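These notes are about the structure you will find just below.
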Amino acid sequence: MALNIPPFMDATLQAGFMGALSNVLAQYIESLKVGEELEIDYIPVFRFVLFAVLTTPINFFFQSWLEATFPSRPAGPHPKKSDDKPKKEPKLSVRNTIIKLVLDQTVSATFNTLAFSMYTRGLQAAMHDAPRETSITGAIRFWNSPGSIKFDEVDWAGVWRVACDEFWGIYVDGLKVWPAVAVVNFTVVKDVQTRNLVGGMAGIAWGTYMSMLANA
């Protein structure tokens, strides 16, 4: 019997896989730069998977709200019962598409950029003595071991300052990618679940860049 997985959970699983893939790709690129054989460090891989798991549901429901409030193709007047003409696909609403694009590239982009920096820099500070772990089971043991993540030692005011310092650089770089992805999603792709998949595919390249930034 097929599992009936809610769409937001399906999107979260996809995002987790793509987050892991993008971090592995970033490590591969870094290994090429230094001329070394790739040995995957699974601790940052898990860190990126966790970020995807935490933020994807929020983004999914925000995108669902955008589509419900500003539908790309609003339904026209309900036809009369006597009208037996074939229904035409509703026209694209340029107004709603622009509104969604603006909200996506301001509200959503600001949240995701700051969330990434706060999460990444905060965990790096909390796990400053994390070993390089090339074994999946070893990485799992580390993440589950008591005291491996020391949030009480994190200077959150300092993390916030770093997040603010990084914000405009990441945001401007994102404007080179995400508006184009959003336009395709809002004008061509009809459902939020598929939009998350399209965004996730583009997110592999973006996640690779962010992984390299996080390790800088």
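Expressed as a whole percentage, what fraction of the accessible surface of the chain belongs to carbon and sulfur atoms when a 1.4 Å probe is rolled over the protein heavy atoms? Before the final figure, lay out the partial values.
Details: 8570 of 12890 Å².
Roughly 66 percent, rounded to a whole number.
Give me the 1.4 Å probe accessible area per residue for the chain, excluding ligands and nucleic acids, in Å². Display every interim value, and only then the final one.
Values: 12890 Å² over 216 residues.
Per-residue accessible area for the chain comes out at 60 Å².
Quick one: divide the alpha-carbon radius of gyration of the chain by 2.2 N^0.38 Å and tell me what you get.
On the way: Rg = 20.6 Å, N = 216, 2.2 N^0.38 = 17.0 Å.
Cα Rg divided by the expected 2.2 N^0.38 Å: 1.22.
So how do 172-181, 204-213 stack up, highest first, on mean other-Cβ count within 10 Å? Can you show the working numbers first?
Details: 172-181: 14.2, 204-213: 18.7.
In decreasing order of mean packing, 172-181, 204-213 become 204-213, 172-181.
Taking the Cα centre of the chain as the origin and placing charges on Cβ (Lys, Arg +1; Asp, Glu -1), which of Ala115, Ser145, Asn96 is farthest toward the positive end of the dipole?
Asn96
Taking the Cα-to-Cβ direction at Ser31 and at Val188 and moving 7 Å from each Cα, how far apart do the two end points lie in nm?
3.3 nm
From the mean inverse distance of alpha carbon pairs (Kirkwood) and the Cα radius of gyration, derive Rg over Rh for the stretch 151-196. Could the numbers behind the result be given before it?
Details: Rg = 16.6 Å, Rh = 13.2 Å.
Using only Cα positions, Rg/Rh for the stretch 151-196 is 1.26.
Taking the Cα centre of the stretch 66-216 as origin, sum charge times position over the Cβ atoms of Lys and Arg (+1) and Asp and Glu (-1), and report the length of that vector in debye to the nearest 20.
Details: 17 positive and 14 negative charges, 209 e Å.
Approximately 1000 debye in magnitude.
Give, to the nearest whole percent, the P(r) tail of the stretch 89-204 beyond 22 angstrom, counting all Cα pairs. Intermediate results must be reported in sequence, preceding the final value.
Working: 3499 of 6670 pairs.
That tail contains 52 percent of the Cα-Cα pairs.
Which net charge results when you count Lys and Arg as +1 and Asp and Glu as -1 among the other residues whose beta-carbon is under 10 Å from that of Gln27? List each step's numbers first, then the result.
Working: positive: none; negative: Glu30, Glu39, Asp41.
Neighbourhood net charge equals -3.
At a Förster radius of 25 Å, what calculated FRET efficiency corresponds to the Cβ-Cβ distance of Ile136 and Phe111, to the nearest 0.05?
Working: r = 31 Å, r/R0 = 1.23.
That pair, Ile136 with Phe111, gives E of 0.20.
The values are calculated or read from the model by the stated rules, or taken from the named source; none is laboratory data. Nothing here was measured: the structure is a model prediction, and the numbers come from that model. Quick reminder, even Gly has a Cβ in these numbers, built from the backbone with ideal geometry, and neighbours come from all protein chains shown. Ligands, DNA and RNA are stripped out before the accessible areas are found, and what is left, the full protein with its side chains, is counted by its heavy atoms. Shrake-Rupley method; radii C 1.70, N 1.55, O 1.52, S 1.80 Å.
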